[in-house]
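*Asks:* Below: one structure in structure tokens.
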Amino acid sequence: MEYKKEDVNLLNHCLEENFFSFSEDSSKLADASNINEIMGIEGGVAWKYWNEFNKAIPDEYDFCSRIDQYRRATGAGDKVNVMFNYGYALLEAECLRAINAVGLDPHVGFLHEMNTGKNSLAYDLQEPFRFLVDLVVINLVESERMEKKDFIRTENYSLKLRPSGAKKLTEEVNLWFNKRVSYKGNMTMWSYVMFLKTRELAQYLVGKRKDIDFIVPQYETKRQDTSDIRQKILSISYSDWKKLGFSKGTLHYMKKNAKADKPFTLNAHNKERLDKWEKLVANG
């Protein structure tokens, strides 16, 4: 369940409402004695998580949840779930490559049941990295890059990605897989972290490692368009801005972005100017 905390951090920047508390679930997890209990707790956390995720998705996407009222995965009836299905399939393929590279059996899992034709171990290994696909979907939704023409309704009324949509999603997934994170003293691509974790699992199973850790590394969200920063920009007076020697046009542009219901970034110069304004206000 650790990977979901990373997405909750991101959703915290998208929403104004408070989240469900996960403290009770953490306590239950610590006391769980078998896989069925663990999966039951995971189901409860998933329901809370997708309930909050839904609030970050605009109404025009018709997204209600990733799971139904019985906490079962839903089909591809809306654009967001179509993107999730495709993204998770790409993640599964990446995990399968890692599994095959270290010589493990992809059909023998730990949490997911072993069924003929099911890549149970790949499903297990996906869990710590699903947040990457979740961030991909949020990024595509926020940037409004997915268009109506990127989807097609089939004869049985299910929704699918057209080649144009699949290309956009694949490019964004590869972009996130290639992002780097600090791991064991090196800046490592997430795709390689998947391989390293799979190799560590293989070493653990044959007794070459004493323990295994799927929590580290963790993704850290670093957004410049949080509600707090937007409010700071909107509260800057043009007179204070002028005292610092900055142009009215720059502040006007920043305020325009802060008011808009779209993501934005601050370049190094504007971030420095915002910091100087905060110091000016703090010093009276």
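The values are calculated or read from the model by the stated rules, or taken from the named source; none is laboratory data. Keep in mind the model is a prediction, meaning the values are calculated, not measured. Note that we place each Cβ from the backbone using ideal geometry, even for glycine, and neighbour counts take in every protein chain shown. Keep in mind that these areas ignore ligands, DNA and RNA; they rest on the heavy atoms of the full protein, side chains included. Shrake-Rupley method; radii C 1.70, N 1.55, O 1.52, S 1.80 Å.
*Asks:* In the stretch 201-259, what residues are touching a helix residue (DSSP H, G or I) at 6+ places or on another chain (Cβ under 9 Å), of a type in the set (A, V, I, L, M, F, W, C), closer than 30 Å to Phe129 by Cβ and surrounded by 11 or more Cβ atoms within 10 Å (Cβ to Cβ)?
*Replies:* Across the stretch 201-259, the qualifying residues are Leu201, Ala202, Ile212, Phe214, Ile229.
*Asks:* Moving on to the next point. Specify which of the listed residues (Ile41, Ile35) is open to solvent by 50 Å² or more (accessible area, probe 1.4 Å) and at pLDDT 85 or above.
*Replies:* Ile35
*Asks:* Has the stretch 86-95 got at least one residue that is hydroxyl-bearing (Ser, Thr, Tyr) and modelled with pLDDT of 90 or more?
*Replies:* Within the stretch 86-95, one or more residues are hydroxyl-bearing (Ser, Thr, Tyr) and modelled with pLDDT of 90 or more.
*Asks:* When you go through Thr154, Thr188 one by one, which is the residue that is β-branched (Val, Ile, Thr), out of contact with any Phe, Trp or Tyr (no Cβ under 6 Å at 6 or more places or on another chain) and under 30 Å from Gly43 (Cβ atoms)?
*Replies:* That would be Thr154, the only listed residue that is β-branched (Val, Ile, Thr), out of contact with any Phe, Trp or Tyr (no Cβ under 6 Å at 6 or more places or on another chain) and under 30 Å from Gly43 (Cβ atoms).
*Asks:* What number goes with the only condition from (1) open to solvent by less than 60 Å² (accessible area, probe 1.4 Å); (2) assigned to a loop (DSSP other than H, G, I, E, B); (3) of a type in the set (Lys, Arg) that Lys197 does not pass?
*Replies:* Result: Lys197 passes all but (2).
*Asks:* Quick one: count up the residues across the stretch 152-169 that are open to solvent by 40 Å² or more (accessible area, probe 1.4 Å) and under 15 Å from the mean Cα position of the chain (by Cα).
*Replies:* Qualifying residue count, the stretch 152-169: 0.
*Asks:* Need the failing condition index for Trp176 against (1) among the hydrophobic types (A, V, I, L, M, F, W, C); (2) farther than 16 Å from Leu96 by Cβ; (3) open to solvent by less than 20 Å² (accessible area, probe 1.4 Å), just the number.
*Replies:* Here Trp176 meets the rest and fails (3).
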